[in-house]
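Some notes on the structure that comes next.
Each value in this text was obtained by applying a stated rule to the coordinates, not by laboratory testing. Bear in mind that the values here come from a model prediction, so they are computed numbers and not experimental data. Cβ atoms come from the backbone with ideal geometry, glycine included; neighbour counts cover every protein chain shown.
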Amino acid sequence: MTVELQTRVFDRNEPVADLVLEHSAIAPVLRRHHIDFSIRGNLTLEQLCELNGIPVEVVISDLEQAVKKPDLHPITDPRAMSPAALMFYIVSRHHAYLRDVLSISAGLALKVERVHEGRNAPLKRIREVVHELRSLLEPHIEHEEVVLFPSLLENSLSPEELVRESKASKEDHERTSNLFSELRRLTNDYTPPEWACSSTRGLFHQLEGLEADTLEHVHLENFVLFPRLAALRRT
Ligand SMILES: [Fe+2]
Ligand SMILES: [Fe+2]
């Protein structure tokens with residue numbers, strides 16, 4: 001079997017949300033550089049690098065390396081999905097994963113804090129942030145599944161309701177992104193400390209996966225699903 005390697009020259013003036021849609025392989029590189037594509041993806045690569053104080057050339061070189069590797073798990077381009085199919089994909093893939101991993105992580109964070117009390121590590125704050133994420137995201141996805149997605153599909157919201165819903169959704173997504181930035185700092189980019197037991201390693205691993213999946217999920221809603229529905233309302 002021959003696998004064609006991709007080459008891609010990245011332009012610093014392209015919006016980052018579009019780049020992630022074109023190449024899912026670059027998302028981990030952006031996360032590693034603390035570049036938030038799920039909320040600020042409308043900004044260009046250059047603008048986001050400037051915000052984070054990182055030389056854009058360094059990021060571009062890492063992105064070009066990332067896309068050279070063959071993508072062995074390509075997913076259907078979400079831009080080609082209908083709004084209903086996209087909602088089903090978000091709920092069945094991202095919401096289901098989020099519920100499972102939030103619950104596992106909350107249990108692990110509590111256990112790790114109890115077992116390693118007294119260690120010089122911010123385990124209490126990690127447990128609190130996981131709890132805050134859970135209190136924020138469980139009602140958020142429940143609301144999307146029961147109220148927001150069905151009413152968007154039916155186009156049954158009044159203009160005032162739409163403004164309110166869109167503001168609330170945006171605020172929740174921003175809070176989510178901020179909480180993950182804090183988790184990344186608290187866990188030193190999800191690097192387990194040298195004393196870490198299997199539960200601590202498991203917790204850091206789950207949290208890193210949770211961040212990756214949630215940013216991808218929020219990016220899909222902010223930059224594909226909601227703009228698509230807004231465009232349909234205008235036609
Ligand atoms: Fe969602
Ligand atoms: Fe959402």
What number results when the radius of gyration of the chain, computed over Cα atoms, is divided by 2.2 N^0.38 Å? 1.08
Lysines near K111 by alpha-carbon distance under 17 Å, same-chain residues fewer than 8 away left out - which ones? K124
Rounded to whole Hz and in sequence order, give me ³J(HN,Hα) for the range 112-121 from the Karplus expression 6.51 cos²θ - 1.76 cosθ + 1.60, θ = phi - 60°, writing x for Gly and Pro. 5, 5, 5, 5, 10, 4, x, 6, 7, 8
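State the Kirkwood hydrodynamic radius of the range 16-68 in Å, one decimal place, computed from all pairs of distinct Cα atoms.
Numbers: mean 1/r = 0.0933 Å⁻¹.
Across the range 16-68, the inverse of the average 1/r is 10.7 Å.
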Distance between modelled label sites at E171 and Y97, nm, 7 Å Cα→Cβ extension: 2.8 nm
Alpha-carbon centroid distance for the pair the range 195-235 / the range 107-161, whole angstrom: 12 Å
Taking the Cα centre of the chain as the origin and placing charges on Cβ (Lys, Arg +1; Asp, Glu -1), which of S177, L232, H131 is farthest toward the positive end of the dipole? H131
Ellipticity estimate at 222 nm from DSSP helix runs (n ≥ 4, -39,500 (n - 2.57)) divided over the chain, nearest 500: -20000 deg cm²/dmol
Distance in nm between pseudo-label sites at S135 and V58 (7 Å out along the Cβ direction from Cα): 3.6 nm
Among V29, V91, what is the fewest-to-most ranking by other Cβ atoms within 10 Å? V91, V29
